């Protein structure tokens, strides 16, 4: 089953789960309780901490939930904040960080790379956590829309449509989805 965030990131072949950690966790839990899928593929956008360029496609099966305050040594957590799925679809070890906040501090975002974290997406960690709880394999395919800096939101908005088209083309090229009529992604 292919899932996505929702709002401005919807696809005719994917089920929206909601934006952010909470909405996506609630809706995926509901889905797993009433119609548990065998496998989940989450698709969506991500910001780059600097190792990936805008419009790069990144596959991942690993996620973290590290807040900026942790990087500044202003907080700690007793929770497991790094997760990995055992799926067979992707081999990439890029860790996707998830938070309800978008990083705009370029200097702090460099510190994520020191933990092996390459990109950020608001939903992936909570989706991976719920999927593990229900013993459902999950992977993610992300398209980079922006860097994690002061221009993150403006660049996201500017690049979003082209990025979604590139993501759809990538899914078609990998035979994950059947090619869509051109009017769907125009």
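Nothing in this text is a laboratory measurement; each read-out follows from the coordinates by a stated rule. Computed from a predicted model, the values in this text were never measured in an experiment. Because the Cβ atoms are built from the backbone with ideal geometry, glycine has one as well, and the counts that use them run over all protein chains shown.
Things to note:
- As a length-normalised measure over Cα pairs under 8 Å and 6 or more apart, the relative contact order of the stretch 105-179 settles at 26 percent.
- Each of 160, 153 was scored by other Cβ atoms within 10 Å of its Cβ. Listed from fewest to most, they are 153, 160.
- Here the contact order of the chain, divided by its residue count and restricted to Cα pairs under 8 Å and six or more residues apart, works out to 28 percent.
- Ranked 93, 107, 123, 59, criterion: other C-beta atoms within 10 Å, fewest first: 107, 93, 59, 123
- Cα-projected label distance for residue 93 with residue 22, points at 7 Å along beta-carbon direction, nm: 3.6 nm
- Working note: Cα atoms of the chain, range along each principal axis, descending, whole Å: 48, 37, 28.
- The chain: calculated mean residue ellipticity at 222 nm from DSSP helix runs of at least 4, using -39500 (n - 2.57): -10000 deg cm²/dmol
- Label-to-label distance for residue 101 and residue 34 is 3.4 nm, based on points extended 7 Å past Cα in the beta-carbon direction.
- Spin-label model, residue 13/residue 176: points 7 Å from Cα along the beta carbon direction are separated by 0.9 nm.
- Going by neighbour counts of Cβ atoms within 10 Å, the residues 1, 17, 164 line up, fewest first, as 1, 164, 17.
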